[in-house]
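Here's the structure we're looking at; comments come further down.
The values are calculated or read from the model by the stated rules, or taken from the named source; none is laboratory data. Source: prediction; values computed, not measured. Cβ atoms come from the backbone with ideal geometry, glycine included; neighbour counts cover every protein chain shown. Note: areas computed on protein heavy atoms with side chains; ligands, DNA, RNA excluded. Shrake-Rupley method; radii C 1.70, N 1.55, O 1.52, S 1.80 Å.
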Amino acid sequence: MQSSPNILFLFTDQQRADTLSCYGNTEINTPNLDQLANSSFVFENAYVSQPLCTPARSTILSGTYPHTNGCTTNNIPLDTSIPTIAELVNANYRRGYFGKWNLGDEVIPQHGFTHRISIDDGYRAFYSDKKYLEQISDHTKFLKNLGYPPNEERLGAEVYSRQMSSNLPVEHTKASFMAKEINKFLDKNKQNPFLLYAGFFEPHPPYSGPLNKIYDTENLSTPPHFLKKPDSNASYINQISAEYYSSLEEYDGSPISTTKDWKQLRANYYGNVSLIDQAIGNILDHLKKIGIADNTIVVYTSEHGEHLGDHSTLEKGLLYEESIKVPLIIHVPWLENQPTTIKGYVSHIDIVPTLLDLIGTSPLPSNLQGKSLVNQLIGNTTLENNYVFIENDNSIQWKTPFFNEFTHQKFLSGEMNNLSKPQLEKMKNSPWRSIISPEGLKLNLHAIDQCELYDLKNDPFEQKNLYNHPNYQKTIEILATKIYHWQIETKDDFEVISKTLLSKITPK
């Protein structure tokens, strides 16, 4: 390792783990990410801190849980009192943040990042100062210079809708634009140590892009829980989500009234994953071309996943594997034993301490809530005894007006008559907490909703809720006790454990 190695952190938006061949996908063409995985550490089971954009990003950047840093739902700015990795690295690092930010004031450099390239004008309503409304994103400027007519007006600015900008030619998409801008940054800073975080927009909805037709829907395989609604013993939020999406004829511009429609949506999403792969290949090739690949740590992950019709649900925001499990690939040029698949369960909470440790930061900042994974990378220890904690403070579904109205009608019709109206309202505003054990048992706790226990090794598609099974009651008590103590340690005061279960918690 040379002094002050570079960090290139590449992450997508809404990409589930099983979209890459290193996680078992044999249908999506991702040769560049395959090549990266074939020379890197691949974490077999990597999880987000929360399956929602802003909370997930807050953890990726700060190494703290959303309930700690305050970003518990979308469009909450990351407070200036919470340092990001850019504020924790040595001052000699050039620090860039390119792409989607989603942590407040989208178009300005902040939180230690001094070089900023923006790609989205969809968050203008959340800017903290009207003066920022005078700015438009760099991708919008790029498209205007090419002569594309804006098709949307947002708070005084003529911009482009996500639907329009997603269906541009490949070379004009956000992914390709990002790759070009990243390569310019690499050229300018190849003589200096740098930290560059690049948040790609794709494969986030709309479920459409320039590569829509490259995958044949006729032969597209689907898992056994594709378009299958959860059983009646699953949580209300999971059941209602499936009912809601099953009732729609289209979503975000994509028809979803038939199985063929759903498979086409899935194929379009796959096309956007391939679009990302092309952009990543461009960047990685350039890194080698300019001679700095041997001193650059490369990380590839995603902020959260996507359901894609599994469990009859779309988007993110639930605690299913499709939503919370993401790719995590780390390439460290000077470490041996690559490629290696690192088995066990790991969380995004450990990324910031790992990167700081890899570049020689000592001691690690005391506010970090994860741990360095360097010992796992060099083979000194494993993740075989690691537990992962995931939170979900208010599912994105409950914040959708149409979803809320749908739920209200279900209540009025008597289909949810075992809940009172105050209970329903409290359920909508109460958080979830989840734990995954080294054995692959996942416990999802909620104070009011139906809690869930899934055996991920024997039931990977989470079709059988074991929470009320008599053989698993002791397991539930053990895992609930771990959640209880984790909440105390991380100062998480949200109520998720029922009084009945709380009475069985073992104090330390």
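When the trypsin sites (Lys or Arg not before Pro) in region 181-261 are filtered for DSSP coil states and for at most 16 other beta-carbon atoms within 10 Å of their beta-carbon, the remaining sites are LYS190, LYS213, LYS228. Volume per residue for region 436-508 equals 101 cubic angstrom (convex hull of Cα atoms). Straight-line reach from LYS228: taking Cα to Cα under 27 Å and skipping same-chain neighbours fewer than 8 places apart, the lysines in range are LYS213, LYS260, LYS263, LYS316, LYS325, LYS399, LYS410, LYS428, LYS442, LYS457, LYS464. Region 424-454 and region 119-162 have Cα centres separated by 39 Å. Note on region 270-336: with charges restricted to the Cβ of Lys and Arg (+1) and Asp and Glu (-1), its dipole about the Cα centre is near 240 debye. Kirkwood radius, region 293-434, all distinct C-alpha pairs, inverse of mean reciprocal distance: 18.4 Å. Volume of the convex hull of region 376-508 (Cα atoms only), normalised per residue: 159 Å³. Rounded to the nearest 500, the 222 nm mean residue ellipticity of the chain from helices alone is -8500 deg cm²/dmol, with -39,500 (n - 2.57) taken per DSSP H run of at least 4 residues.
Quick check for me: using +1 on Lys/Arg Cβ and -1 on Asp/Glu Cβ, what's the dipole size of the chain about its Cα centre, in debye to the nearest 20?
680
Structural descriptor for the chain: relative contact order 21 percent, calculated from alpha carbon pairs under 8 angstrom and at least 6 residues apart.
For region 169-267, which GluC sites (Glu not before Pro) are in a loop by DSSP, counting at most 15 other Cβ atoms within 10 Å? Can you show the working numbers first?
Values: sites: GLU171, GLU181, GLU218, GLU243, GLU249, GLU250; in loops: GLU249.
Answer in residue order: GLU249.
The Cα-based radius of gyration and maximum Cα-Cα distance (Dmax) for region 100-154 are 11.5, 35 Å. Charged side chains reduced to their Cβ positions (Lys and Arg at +1, Asp and Glu at -1) give region 302-402 a dipole of some 140 debye around its Cα centre. The portion of the accessible surface of the chain made up by carbon and sulfur, rounded to a whole percent, is 48 (1.4 Å probe; DNA, RNA and ligands excluded). The alpha-carbon positions of region 1-76 define a convex hull whose volume is 128 Å³ per residue. Take the convex hull of the alpha carbons in region 221-296; its mean projected area over all directions comes to 8.2 nm². Between the alpha-carbon centres of region 287-327 and region 163-201 there is a gap of 17 Å. Accessible surface area normalised per residue over the chain is 39 Å², counting heavy atoms of protein chains with a 1.4 Å rolling probe.
Normalising the average separation of contacting C-alpha pairs (under 8 angstrom, six or more residues apart) by the number of residues puts the relative contact order of region 429-508 at 29 percent.
For the chain, the alpha-carbon coordinates run over 63, 53, 49 Å along the three principal axes, in decreasing order.
Can you give the direction-averaged projected area of the convex hull of the alpha-carbon atoms in region 272-334, in nm²? Spelled out: convex hull of the Cα atoms, projected over all directions, averaged, 5.1 nm².
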